[in-house]
């Protein structure tokens, strides 16, 4: 059977039912067991060799990453393996999801997120593998890496033993934008955590003897350049806390912030600017601050003629989509895979308004995403 014939063999109703089943299963970072068990059962039934790595134990989660492999078939058995990846977790708020189909879109009932990020990726991979089995089409050897803890810093992917994989090209199904979107560039991402120390005193009797740590933290934030720094760089303070009763001048406060850039050197400079703001605010107030900077993940940049981009563009055209190669300001497991030496592109999934109660997944995009996987699996 030709690749075009296989692409047309996707069963839409079955695919929609699978996505809704996955969305109904509770999942959160490091609490992915219900989704894990559904995916595991499907892959075993499809003839994959399926194993769980020890990421769950290392990270303190319920389950580890799923690593599933299947030999190629026909002429494809002589091709290089191809890796497909999606993540098993979703952001908080993905418990008790009741998905509904309305006007060609799958969405929640409005009381939760949907969780199509990344249940849509999982569903597309499983349905594509089912079509390959049913049609007995020639296909490349398949390696699936389905990760835990993606939404809390790509922690599951960071635990994957890449030496156990044979693939030299990979595709992560986890980008916004319609199917045909191909992410070739993603940012380097740093996390900054700072502690501010002042001096406690009674706020009503002797406030002059106190030094307000929350005020120091606020002054530090006010000194930072935040938001869109330039076309490649962003920064944000996402958390500030400290203090207690209003009659006590607070002696401690903390902030958590981030800096990202498509240019690694710009990311470093932005971090330096933010830590200088922390240090300057503490010194100017007579207080003290400490901080820690952590590299969350490295950025990546794939050339237009690299293997994953070349193949993704060809696959998009094969399913009738115009490929759009672009950069993103967000991270994905592809950041980890690229840093570990596996050239990996991120594919647009077509979901909309992710991480919100307005999240939805157009059925047309879900079908096209499955076709994209099939096109990639059946072409060398």
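What follows draws every value from the coordinates through simple rules; no lab data is involved. No experiment lies behind these values; they were computed from the predicted model shown. A quick note on method: Cβ atoms are made from the backbone with ideal geometry, for glycine too, and the neighbour counts reach across all protein chains shown.
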Item checked: Prolate/oblate/rounded label for the stretch 327-369 (Cα gyration tensor, a/c 1.5) -> oblate
Next item on the list: For the stretch 162-226 and the stretch 103-123, compute the distance between their C-alpha centroids and round to whole Å.
Entry: 28
Checklist line | Between helix 363-377 and the chain: long-axis angle, C-alpha atoms, 0 to 90°, nearest 10 | finding: 70
Checklist line | With Cα atoms, 0 to 90° folded angle of helix 264-285 axis to the chain main axis | finding: 20
Check: Between the stretch 337-375 and the stretch 29-90, what's the alpha-carbon centroid distance in Å?
Finding: 17
Margin query: Restricting to Cα pairs below 8 Å that are 6+ residues apart, what does the relative contact order work out to for the chain? Please round to a whole percent.
Written below: 24
Check: Going by the alpha-carbon gyration tensor, a ≥ b ≥ c the square roots of its eigenvalues, is the stretch 146-277 rounded (a/c under 1.5) or, if a/c is not under 1.5, prolate (a/b greater than b/c) versus oblate?
Finding: prolate
Next item on the list: Treat the count of other C-beta atoms within 10 Å as a stand-in for reagent exposure and order 379, 111, 356 from fewest to most.
Entry: 111, 356, 379
Notebook entry, point to check: Among 168, 313, which comes first, then next, by fewest other beta-carbon atoms within 10 Å?
Noted result: 168, 313
Note to self: Tell me the relative contact order for the stretch 87-198 as a rounded percent, counting alpha carbon contacts under 8 Å between residues six or more apart.
What the structure shows: 25
Next item on the list: Return one number: the angle in degrees, 0 to 90 and rounded to the nearest 10, between the long axis of the Cα atoms of helix 12-24 and the longest principal axis of the Cα atoms of the chain.
Entry: 30
Check: Given that compact globular proteins tend to follow 2.2 N^0.38 Å, what is the ratio of the alpha-carbon Rg of the stretch 59-145 to that value?
Finding: 1.37
Item checked: Percentage relative contact order, the stretch 188-297, counting C-alpha pairs under 8 Å, at least six apart -> 42
Note to self: Please rank 130, 24, fewest neighbouring Cβ atoms within 10 Å first, as an exposure proxy.
What the structure shows: 24, 130
Margin query: How large is the Rg to Rh ratio of the stretch 237-380 when both quantities use alpha carbon positions and Rh follows Kirkwood?
Written below: 1.14
Margin query: Shape verdict for the chain, please, from the Cα gyration tensor: rounded (a/c under 1.5), prolate (a/b greater than b/c) or oblate.
Written below: prolate
Check: Could the peptides 119-127, 48-56 be put in order, highest first, of the mean number of other beta-carbon atoms found within 10 Å of their residues?
Finding: 119-127, 48-56
Check: How much mean residue ellipticity at 222 nm does the chain get from its helices, if each DSSP H run of length 4 or more adds -39500 (n - 2.57) and you divide by all residues, to the nearest 500 deg cm²/dmol?
Finding: -10500 deg cm²/dmol
